[in-house]
Amino acid sequence: MGIKQNIQWFPGHMAKTRRKLKEDIKLVDMVVEILDARIPISSRNPEIMSIINNKPHIILLNKSDMADKNETLKWINYYKEKYGVNCIAVDCQSGKGLSEFLKCSENTLKEKMEVWKSKGMIGRKIRAMIVGVPNVGKSSFINRMSKNSKAKAEDRPGVTRGNQWFTVGNKMEMLDTPGILWPKFDDEIVGRNLAFTGAIKDDILDVEDLAFKLIDLLRDRYITSIAQRYKLNESEIKECETLDLMNMIGKKRGMIISGGEVDIQRVSNMILDEFRAAKIGKITLERVDEIEKH
């Protein structure tokens with residue numbers, strides 16, 4: 001999987017976060033779940049539905065600017081049809097798609113808001129809890145919506161700490177929560193995909209093994225993107241072994257060490273970095289038509 005063995009995946013602060021989420025869910029009217037559009041299943045906490053417990057719910061497919069647009073549309077339909085949940089493609093860094101969010105929230109809570117109105121609760125703000133795994137873009141979303149930078153966002157997993165409330169105009173209050181992962185990765189694909197996208201810290205990864213698995217996956221699904229990015233021939237990419245492909249990429253980028261060998265460690269880091277920055281192309285690693293195989 002590219003992840004070193006014997007890692008404890010459920011440290012104390014994450015167990016505490018889960019308990020806090022279950023307590024705080026009572027304080028809000030709805031839950032906004034942020035997923036990574038490139039991995040809409042693997043970036044989903046499998047415990048979230050039990051924590052939400054029938055609370056009104058919206059899904060945001062963030063980083064959609066880095067994902068395959070056609071696949072994103074399929075995922076939007078999937079979540080609407082399977083769970084009856086409104087789902088929006090967004091990019092929290094640029095703000096793309098976020099203009100739909102408040103309208104979608106009001107539609108989701110239409111009946112509840114009518115009850116508030118009948119009780120004379122004019123101007124009652126929607127209270128929304130924002131949830132998501134580390135590095136999925138919660139802080140960027142809150143900063144965009146609240147037009148400030150109090151929610152600290154860094155390109156490192158798990159930097160947001162504690163629960164904070166943020167005001168969004170005169171219509172909403174948002175409760176931020178720390179990113180939460182789950183006790184263990186029973187599914188190797190989930191751990192691998194989270195590692196590809198940077199939701200797991202690189203210092204506990206076998207980076208070379210991870211890059212080999214990523215380049216194999218991209219060769220299978222996005223061979224044209226690899227060929228264009230690294231100026232290679234598609235037929236060469238199809239026929240060669242994975243190590244040979246890494247060597248070809250390394251030579252194209254001049255990543256040579258003493259003796260004329262390619263620096264595979266450097267090539268591995270570069271491939272992961274370029275995938276995470278969408279420099280290889282707009283890529284979705286999980287597909288709706290494979291959901292039953294997951």
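Readers should treat all values here as calculations from the given coordinates under stated rules, not as data from a laboratory. Here the structure is a predicted model, which is why all the values come from computation and not from measurement. A quick note on method: Cβ atoms are made from the backbone with ideal geometry, for glycine too, and the neighbour counts reach across all protein chains shown.
Against the chain, whose longest principal axis comes from its Cα atoms, helix 264-276 is set at around 30 degrees. By the count of other C-beta atoms within 10 Å, a proxy for reagent exposure, Leu272, Leu109 are ordered fewest to most as Leu109, Leu272. Could you check what % of the DSSP bridge pairs in the chain are antiparallel, to the nearest 5? Here the antiparallel bridges make up roughly 30 percent for the chain. Computed over Cα pairs, the Kirkwood radius of the chain leads via Stokes-Einstein (0.890 mPa s, 25 °C) to a diffusion coefficient of 120 µm² per second. In terms of other Cβ atoms within 10 Å, Asp24, Asp244 run from fewest to most in the order Asp244, Asp24. Ordering Glu239, Glu106 by the number of other Cβ atoms within 10 Å of each residue's own Cβ, fewest first, gives Glu239, Glu106.
Computed from phi, the 3J(HN,Hα) profile of the stretch 121-132 under the Karplus parametrisation 6.51, -1.76, 1.60 (θ = phi - 60°) reads 8, 5, x, 4, 7, 5, 10, 10, 9, 9, 10, x Hz, with x in place of Gly and Pro. In terms of Cα to Cα distance under 13 Å, which aspartates and glutamates are near enough to Lys213, apart from those fewer than 8 places away along the same chain? Result set, ordered by chain and number: Glu188, Glu241.
A helix-only calculation puts the chain at -12000 deg cm²/dmol for mean residue ellipticity at 222 nm, using -39500 (n - 2.57) for each DSSP H run of at least four residues, averaged over all residues. For the stretch 12-176, the fraction of C-alpha pairs farther apart than 29 angstrom is 14 percent. About its Cα centre, the stretch 12-176 has a charge dipole of approximately 500 debye under the convention of +1 per Lys or Arg Cβ and -1 per Asp or Glu Cβ, with nothing else charged.
Taking each of Lys138/Lys171; Lys74/Lys138; Lys20/Lys201; Lys55/Lys282; Lys82/Lys238; Lys55/Lys279 in turn, the alpha-carbon distance tops 29 angstrom for Lys55/Lys282; Lys82/Lys238; Lys55/Lys279.
Taken about its Cα centre, the chain carries a charge dipole of about 1640 debye when Lys and Arg each add +1 at the Cβ and Asp and Glu each add -1 at the Cβ. Toward the positive end of the charge dipole of the chain, with +1 on the Cβ of Lys and Arg and -1 on the Cβ of Asp and Glu, the farthest Cα among Leu210, Ile142, Asn269 is that of Ile142.
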